Every structure is written in structure tokens, then in C-alpha cells.
1. Could I get the Rg over Rh figure for segment A:294-410? Both from C-alpha atoms, Rh via Kirkwood, rounded to two places.
2. For segment A:272-312, compute Rg over Rh where Rg is the Cα radius of gyration and Rh is the Kirkwood radius from the inverse mean 1/r over Cα pairs.
3. Suppose every K and R has +1 on its Cβ and every D and E has -1 on its Cβ; what is the size of the dipole of the protein assembly as shown about the Cα centre, in Debye to the nearest 20?
4. Sort all Cα-Cα distances of segment A:596-649 into consecutive 10 angstrom bins from zero, then give the percent of pairs in each bin up to the one containing the longest distance.
5. What is the gain in length, in nm to one decimal, between A:A162 and A:K347 on full extension, counting 0.36 nm per residue of separation less the C-alpha to C-alpha distance?
6. Taking every pair of alpha-carbon atoms in segment B:487-528, what share in percent sits in each 10 Å bin, from 0 to the bin with the longest distance?
7. Say the dipole of segment B:373-419 comes from +1 at the beta carbon of Lys and Arg and -1 at that of Asp and Glu; which of B:A400, B:Y414, B:W374 then lies farthest toward its positive end?
8. Counting DSSP beta bridges in chain A, what percent are antiparallel, to the nearest 5?
Number of protein chains: 2
Amino acid sequence: MRILLLLLTVFALCSFSLEQENPAARQPRPLNLMPWPADVKTSTGQMLVDPTFSVSLHGSDPRLKKTAEIFLDDLRRHTGMLPLDFSVNDHPEQGHPALSITSGQANKEVLELGEDESYKLEVTLSGATLTAPTTLGVMRGLQTFLQLVEITPQGFAAPAVAIDDKPRFPWRGLMIDCGRHFMPLDVLKRNLDGMAAVKLNVFHWHLSENQGFRVESKKYPKLQEMGSDGLYYTQEQVRDVIEYARERGIRVVPEFDMPGHSTAWFVGYPDLASAPGPYSIERHWGVFDPAMDPTRESTYKFLDGFIGEMAKLFPDQFFHIGGDEVNGKQWDANPKIQEFMHGHSLKNNADLQAYFNTRIQKIVAKHGKTMEGWDEILRPDLPKSIVIQSWRGQESLGQAAQQGYRGLLSHGYYLDLMQSTEQHYDVDPFGDGAANLSDADKGKILGGEACMWAEYVSAETIDSRIWPRMAAIAERLWSPQNVTDVDSMYARLDVISHWLDAYKLEHNTDYDEMLRRIAGSNHIGPLRGLTDVVEPVKNYARERGGTTEPTSLMPLNRVIDAARPESISARNFSKVVNDFVSGKMKPGMEAHIRSTLTHWRDNSDEIARLATNSSLVQEVVPVSQNLSALGAAGLQALEYLDRGEKAPQPWAEQQLALVQQSLEPKGQVLLMVAGPVQKLIQFSAGETPTELPLPRSAQ
Amino acid sequence: MRILLLLLTVFALCSFSLEQENPAARQPRPLNLMPWPADVKTSTGQMLVDPTFSVSLHGSDPRLKKTAEIFLDDLRRHTGMLPLDFSVNDHPEQGHPALSITSGQANKEVLELGEDESYKLEVTLSGATLTAPTTLGVMRGLQTFLQLVEITPQGFAAPAVAIDDKPRFPWRGLMIDCGRHFMPLDVLKRNLDGMAAVKLNVFHWHLSENQGFRVESKKYPKLQEMGSDGLYYTQEQVRDVIEYARERGIRVVPEFDMPGHSTAWFVGYPDLASAPGPYSIERHWGVFDPAMDPTRESTYKFLDGFIGEMAKLFPDQFFHIGGDEVNGKQWDANPKIQEFMHGHSLKNNADLQAYFNTRIQKIVAKHGKTMEGWDEILRPDLPKSIVIQSWRGQESLGQAAQQGYRGLLSHGYYLDLMQSTEQHYDVDPFGDGAANLSDADKGKILGGEACMWAEYVSAETIDSRIWPRMAAIAERLWSPQNVTDVDSMYARLDVISHWLDAYKLEHNTDYDEMLRRIAGSNHIGPLRGLTDVVEPVKNYARERGGTTEPTSLMPLNRVIDAARPESISARNFSKVVNDFVSGKMKPGMEAHIRSTLTHWRDNSDEIARLATNSSLVQEVVPVSQNLSALGAAGLQALEYLDRGEKAPQPWAEQQLALVQQSLEPKGQVLLMVAGPVQKLIQFSAGETPTELPLPRSAQ
């Protein structure tokens, strides 16, 4: 029965790691904190968190009570205790477990960049104290406390610990693109909950795109009326989101992309554009020709009115004008614009855009805001106050810093590229081209932002593209630079990922739901077995690799949409095989590998059966066949090893060709277990196991 | 590998049914409609529902567009297609699949009891037509269309079919008790979505209880300010819920329970009560002494003001005054009340309550409403217009009908009692004591309402107590009386249950989440294996059986809270064993039984390990040990059978004693597989297998 149970663990719980087989046997439990705090001292014993638990508040900030209420609500989500179990209490009853919270002062009415977020948290057997210079620090410390609370033999409890914590970077953000696909309010709110849980502090709200203009303008109502398909946020909803974020210590920075990425504006206001209309909402993806006309005063008059209205609606100090990816074709084709450039000694389109940016910066400043934009806006004629968000990388950031500009890193944090958590985790704002900057220049690098571009995400799938990887990026931006242990990160991420389920984030729960719909059946075991070990094609391959040209109307309901950006099952299997082929064998390891391979080999019959009922299963039948072949090859390799025979060269060559072939994407998903199977084959043939890069077609 | 895969199916997907092993092999698919329509004619072929699908609307009702928008939004949830894939279109493009909708007329501005809900739906290969006398019928027909759409080898499609449908009863409701535990708005809205999906048409909103007064009164603000712990619905929120329900064809009937169940009113207004205060919000469960004073004019003046205010807030024709469970102790103890009774020839407390009800009925009528109440209010001095909601049963309803009173059945539909779907499904408003009524008297029975009393449900657990069982009750109330095939019901319920996940109902998704919290680990396979085959104790046993007196502050986070009211795994296992012991053996059946028993036998070691980390697991260790013993006993029985030996009598007796012992609840949960194991033991011993009733202590 042992093997049976092991298999259950493997396929029902999507884990291949032998180490995790008997988690209950671990003592004491590791702390599942993410981001990892700056300083942690563990002690022995724990503080019970039971229905008599209460909170006492100290400090003059009137918002502190709301902070505590949100905390208590979160604690309820994580323990299943009920609303009235907890009370916010200045003088908790003697003898009951209590958390004493002290805030030095209130934060600015509108949260500002660089406000103190530090805190000290001490948990002892008799109670806990949380002190912070500001309420923002209290919020961060409360998230740490929440992550400490777990079920124990005595009930829910937090372990005795002393934590002294503060963020490494003052700007730790997530950008959500609501332009390409509109995201309903509940999606934003649950993601704000998740952001707060991992101590992020900036929600960058990408609100206009070729495919949609998403905010109500009262001054220019045709923006949303004609440019959004009816999918936009009212100003009341915007204020609601901002307040929701504020209560969680998160600033909200709006982005209105200009002069490019602006087709949706022109549907209602074609005169803004550099070529005559009419325009319609763009349905395709890419960089398009339409751009604002930077040569007409009417453009600036319009934008002055618009930015003025939005500057009031969005209280944050920063105002993002995008500024990326103008292809200049409309400018080239417009004689009046060419004439203007001539008259103003603007040598090329970059000069023209710089002229535009300079004008816009003055408007933004006139309305009391600091301008932010993508790398392209950086030109020495702009004041040093602006902030550069870099999709280009640390070198670009470093150059900006040396010129005196502040910046933040997004290169390496693009969640839409389907990279592994480890890849994102490895990217440091002070790494690569910024590594050798002076401390003063480093100080200009404010932090980073993950970007969730929305060509291929819907309200249903977006959570699984953001989470749990976002939590690891949040750790990179919060924790000390030397917190880089990848195995520790993955172990904690596994816990935090499900812990975030309590906020109704759907990155875990929507998986089976999507598979059931794809299968047209509740019996999704085989389909899950397959989908667990595939990933969507990487980077921009999805756009290129489809059978039809993708549009914003395309259903996002395929296996590629259900598949996780990173297959943890494949990662864990790869680790086990690495140990196996490098001689770090353990009892049960080979049986584990064998049962996994057997399951893969036999799974394709079930998939073939499901495919007879579903077009959405049909497209992954070739992947399933490849997985089956890999399973068979791996089993044969084990056979040779067990018999102490060296696998014959012709067989090995044939199998390695098969491995190569299985790397090609099918149905736009990649089979992620070819690498470890290659190693088993090489190992059985007496060769040195080698790593297997993805082919270019998969990237 | 065959057995391994089988086991995976068993434990990962919670299904023991051999028939369901290869669902993909079924051809053609059965229609997964619930409630089953009055008349269904299937045909061959299907209509594709692809991204070019559109809807055309015909009819003068301006609300029809909103109805279609909700439908399209639902279709998106069920297919994963995206918002703009669909358009509401008067003239759909030629050649594209389309649904043509015709509504004869708008419904009443405020939905009324008995409005026409019938519809005709025809799906052909080239398109579908839905026609209904009213928009309400359109709503019902659209739900049927949604349930027809499934993935096929050609993509999403609806099978060719002609349906002519109408409800059996005009009143098909769900009561949610928001008094004992407050339910946030999102809980109500997702349940309204679920109600609409199964064609229910009344949301009975139980809004006041000893434990909480849940609506904002502007006239008497101390009701919510002092009686709700801050947990109440603002009038704006109430209007929002009513509009949300209205858009889905659901009436909202408020209940304010009086003169009993009213402690929470008295916290702010002690003068209403029959004994001097002060009062505080009740934290315990049960029937309590506080009751309104029916002898003081000030009581009626207050209630006139209050009912007047609420009659405006809730537009429905019906106003529920509760009227149940007055123990009369405060009346007995109050000399002034006794004097009043004497002076008015009121012989007992029932007379006094009837006097109160007569006064209240006049107030309710004065404000334009029809009074509704529980059985207790029925007295001949009340006008025939009132409606009786019966917790007592069909006989009580029948007597009321014979006296000329309309009524609806709730006896048999109490969701808090943790009964099986089958038990609820068997209950018919025209059954038992109502079976022999005349047609005219039957006409007075309007339908029924399921009741979700909230002593032991939180926002987290309520969905799993309502769903999926509610869907079967909805079928009982909508479908023809002869739709009674229990196996068909369970087969369709399995599909509908997951189909409802799309509305973010959490009856499925919260299960693993709760188990992870209970285990303090993501590795919940063993705990799930156990919890899958237990049920909470039945009826009112939870209240009696706890180690501490239950209160409204008690955490609802235990295995009893995670366990489903009905173990489908146990039911399916029982069916397989029934076939096995009655000679209806099939290939694989014995292996299936053996692997299940083996898993049970071995599962307790894993549970014991988990228990070392969690107090919440500890309390079910005895259940796990019993399950292990049952597994071992069943395996031994199979051994005897396989060897063709009759099991020795002493062994059988010993094992049957063990079965008996395993029936006792432990940790307040019941092991639901003792019955089939008993049958295996009896079968192996050459005895006739017998059914096993639950012991009284478990009921």
C-alpha cells in the first residue's frame, strides 16, 4: 500500500518531492514567512490564538482602528474563527492572549513614496507586541503576524519570535493592464488583498490601451462611452479602489499611455490623432500606427483638461504617461507634422516624442504631479524629478541613475512571459548593469514593479499568472539582498500560495474548474496528470504560434490557459532525477520515479478517451502521446539500470531523438519533463547527464 | 497500473461508482438538466456556441436587454469565452449561430406570486429559439439553455432538443437565516445566482433573531446600532440585493420574527419587551424567554412605525412576521400582562399571541402587505389572505388549506439538519398528510421553501450546507410530480454541483481549503480520504453533543464543518457493495472494493501523524481508527469469500460488534461506511445482509 499512497500524493497533490512525503513528521515547523524579514530571532514555545484573542491599540492615528479591523477580518479568514471572537480593545482582559499594537504616528493623508514601513514584532508565550513608527509599519507587521499563525496540537498559535523588519526598496509594485482585457472590481480587490499580504505598496493601474479606455471621464465622456465596449470604471469605483488600497498601505498610480497605445481614445475623439479617422477599438495585439498629434495645440488643451480631471481623481503624487512603443508611421505620413518638425528642428520621431513629453510633463507638473513613464521618455530635457520605469533592464536604469533620474525595474518581472518563479527571483534591481553603481546612484533606484500585461489573461485566469510568482518578486523587493535560497523560497511559496486562497484569489481554485470545463466531465484525473507537467509557451511565442491570429475576443479557455506558468510537478520530478543520476539515492526514490513514469506512460489512453468528447482536449493529445513516450523511455532506462546493463547506443540515440521531438510545443503548451527523462536515458547509457534547453520555437 | 489509477479516481475525485469510471466512453451524453423540464424531446445533432454566437431580442419589455446581458455573462462563466464574443443583437449576422428570444410581455414592476414562468425552447442545428409569455419565462428558459451547453468534439455546443416547460408550484424558495450568523452581501449574491440557476423564485430573508437584528432602520436606529454587533445591511444594500434578485426573477420576502426570537430588538428598545431590561445580544442557541409585550399600545405604535418603514423598503407583497416558538415565560411572570389577559378573556398564551397576530395583521395590511408566518400563527380569527409556512408538515398544511389558508412546505427541507439529498428529494408538498386533499385544497399549497438556519454556518461554510442539495429540492418544486428517479437525480446533481462553481459558490472549493487549514499542511490526501466518508451528526445532535456549550462565537472550523452533509463517496461505495452482495458482480468490482478497504485500513497511520501537529485533526483520530478497523474487517471478509470459506461465527460476531461501535459519533462526525462493511461481513458469514440504522445518539 505504500506505493499506492505515494502515488496519491504525487498526482492528487501535484507534488513529486520525496522530502515532502511526511510533512507532519517535521519538528519544529519552519516559519512560512514571505517576504522573509530583515531580522528574525526564533525562540521556543508559542502564543495561543483562540476565540478570546484580542487586540489593544496605542497611538493617535484614527485610522489605526480600521487597520486592526482588517487584520481581524484576515485572521478570521485564516483560522475560520468567527467575527465576534475578536475584539479591538484598548484594555484587553487580563490573562487572555492579546496583541498590543503601537503606532508612532499616522501616515500622510495621501500615502507618499518612502514613508517608514518598518516594524518590530515580538511574540512571547503570554502575548505579542507590535510597534512601528507609523501605521504603515503596523500594517506590514500585522501581515507577518498573520503568516505566523498556524494550527498546532494546542490549537491555532503563533511561535515565539522576535522580528525586526523593514523593506529594502520603497517602491514595490504590481502593474495590472486593464486596457487589453477589462478586469472587474472584485479581481482588483482580491489582488490588492494579495499584494498587502506580501507587503507590496504600489498598484500601478494601466488604464488605457488601443483595446480599451477604462476610466470614466466626466469632461470627455466619449473616451469611455465609445472607447471601452461599456467596460470601464466609474469615478466612484475608482475612488473605492483607491480607498481599499489605501487601507492596506498601497498607493495607486494611474497610467494613461500616450502618445501611442491610444487607439481607444480616438474612437470618440479622432481629432487627437495624427491621421484622420474614423477609428474603432483595436481587437488585435501589437504595436499600432495611431498616435496623438504632438504638433497641434488642441491636443495639449485636451490633455490639460484630461490630466487635470484625472489628477484630482487619483491622489497619488505620481502620474504615469506610458510613452512606450510609438512606431511613428502616422507622424511620417502627415505632411503637417513633418512641416512642424522641420520648423522646430526636430530631427526624428524620437525628438518629436521628446517635445511631446516635455509639454506633457509641464501639464502634469501644473496639476501638482510627478511624471512617470517607460524608458523611452528619458531625455535630458526633462526635469530630474521624473521617474523611469524600465522594461529595458538594470543597465538602462543605471544610466538613468547616473544622469540623476530615479527609476524602477520591470525588466525581468513580466508575468505574462510565463517564466519560472526562480527566473524572476534571480532578478535584482541592483544586479547586472546596476551592480557597479555608486551608493548614491543606487539610491535613485526605487525598487521594481511586476507587470501583468493582459493580452492573454481574463478575469478568470489572471490570478494564476500573477500568483504565486508575485510573492517571490515581492520578497526580492522587500527582503535583504542576500535572501536568495531558491529551495527555501519554493518551500515557503508552496505554503503562501494556498494561504492566499483565503483572499479568494483563484490561482489554485480555478485550475480544476477549468479542467472540468475542458474535459466536459468531473473526472479530470488524467487531464490533471497531463496539465500538471506542461507549461504555456514562453515569452511572445503564443502570439506567433496559434492557428488563427489572436484577438481580444478569442476565448481563453484552453489547456494553455489552465496550465500554470510554472510546473511545480515537473520541477520536483527534475530534482528527484538529478539526485538519482548524481548518486544521491534514497530509499523509495527509484520506486517514486518508476510510478511517476508508469503513470505518464499509461495516461495517454485516458486522454485519448476524453478527447473524443472535447475539442479542447483534442489539441493536447499529441502532448499526451509525447508524455506517454517519455514515460516508456524512462521506464526502459530504469530497466537497464536495474539489470546493471548499459543501455545500447542505438536505443539511447533513438530515445534522445524522441526527447528532442517532445520539446516542440503542441497546442501551444510545452512538456516540461523531457529534461529529466533525457538524464535517465543518458545515465542508463553510461553518458554524463546534460541539461536540455528549450528549443527556440518554444520561446 | 490499472488499480493505481482506479484508486486515484476513488480518492482524488471522491467517487466510488464503477459506472463512472470511463465517462468519456458514454455516447450520446445525457442531458444534465436540473430541474428536469416538464417536457423534453431530444433530437440528433447540435448547435455550436462559438465566439460568433449572438442573441436577438424580440419583445417590448425594456428589461429584456438586462436579462440577456446576465445570460451572456453566465454563458461566459460556463464557457470561458470573453465578454465581447457575444453581442445582444436585434439582427444577428447571417449564418452565425444565434439564439432568438421572444418575450410576450414584461412582468409586473414588483414581481408577483403566480406570474407566468413557462417557456418553450427549441435548439436546432442552425440556431435556437426561446419564446415565453413573460420575461420571467425567458429567464427560466435561458437557464435551461445554459445547462445544455457543453464542450463537444466540435467545441461548445447545445444538443438539438425541444423543451416545453413550466413550474409545478408558484412559490419555490430558499430561506437564509442572517440573524444567527450574519452573511455578507457576496454570500447572498452568489446564492441568488445559484437560486436563479435552478429556477427558484423566492429568497426569504430571515433578518432578525435573538442573536442579531440585521437591517438598518432609520426610524429606530438603535435596532441595528445596539442589536447587531455592527453586522447589518444598510437600506442601500437591501435595495441592491432586491434589485439583484429581481433581475434574476426572484422575489425577496423579509422576515422579522415577532413576538419571540426578538432579544436583539430589546437591546436598544427594552420597553418593547414583556420584562424589564437591560437586554444584551443573545450568544447561545435555543428558545429564550424574551418576547414583545402584546398588551401595551406602545408596542403596536412602535411596530406600526417599523413595519411601515420596512414595507416601503421591501416591495414584495408578502411580509413575514415569524411568530414561532414563544415560550411565554415573560408573559406568565408579568402581572400586568396576566391582568390584561383576564380582562380580554384570553385563556392562555396561545390566545394572547393570536391577539397579537390579529393586531399585527391589521398593521401589515394597513401598509399594503399580506402577512405570512409559521404554523403557530394559524388561528381562525385571522383573514384567509395570510400565508402559512409550515415547519410542521403536510398534514398541518392540509388542515390550513381545508380552512381556506394558503401555505407552503418547509418541513422536510431544513438544510441545517444534515440530511441526505434523497431524504429531501422524497418530500413532496402534496405527499403524506396532503396527499388526499381535493384539487381545490391542493391549489392552496403554493410550494415550498428550504430553510438554512444558521446556528452552525458561517459565511465560509454556508454554501456547502445549501448546495448541491438545494438543487434537488428545486427540482421537486419545479418538475412534474413523477420526476422521482433518485439515481438520475444524483447523476445530474454531480454535474450541476460543479457547474454552480462558476457562480463562485464555494460548496466545492472551500472543502480542500478547510482541510488544509485543519491539517496545517497542503498534504491533505489522508485527511480528505477520511473526511470524504464522514458526515456531521444529524438533526439537533450537534447542539447536544459538544464538549462545551455552543455559542455564536464558537469557531466553525472543525472537521464537522468541513464534512459535507452527505458523503457521496459513502453512498457510492454502499451501492457497489449492495451489487456485490446481491450477486450483481462486474469485472473490477471486487478489486475496487478491496483497494478502497485497503486505503481505509492504512489511512489511520497518516491521520495519526497529522494529528501530532493539529488539535483539529486530533478530535477525529478515533473516527480514523474506526475506519481503519472497518477496512481491515472488510478485507478479511473478502478473504473468506475468495477462499470460498464461510467466515466463522465468532469472528463475524466480533466484527459486527465493531461495526456497531463505529456508528457512535466521534468529534461530532459520523462514519458513513459502517453499513456496507456490515454487509460484507454478513455476506462472508453466509448471513443475509441487513441495513444498518444510525443509533439514536447519532441523530
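All of the numbers you see were taken from the coordinates with simple rules; none came from a lab. Please read all numbers here as calculations on a predicted model, not as lab measurements. Heads up, the Cβs are rebuilt from the backbone with ideal geometry, glycines too, and the neighbour counts pull from every protein chain shown.
1. Expressed as Rg/Rh, it is 0.98.
2. 1.05
3. On the way: 138 positive and 180 negative charges, 55 e Å.
With Lys and Arg at +1 and Asp and Glu at -1, about 260 debye.
4. 26, 38, 22, 12, 2
5. Numbers: separation 185, 0.36 × 185 = 66.60 nm, distance 6.06 nm.
Taking 0.36 nm per residue and subtracting the Cα distance, the gain is 60.5 nm.
6. 27, 35, 32, 6
7. Most positive-ward Cα: B:A400.
8. Taking every DSSP beta bridge with both residues in chain A, the antiparallel ones total about 40 percent.
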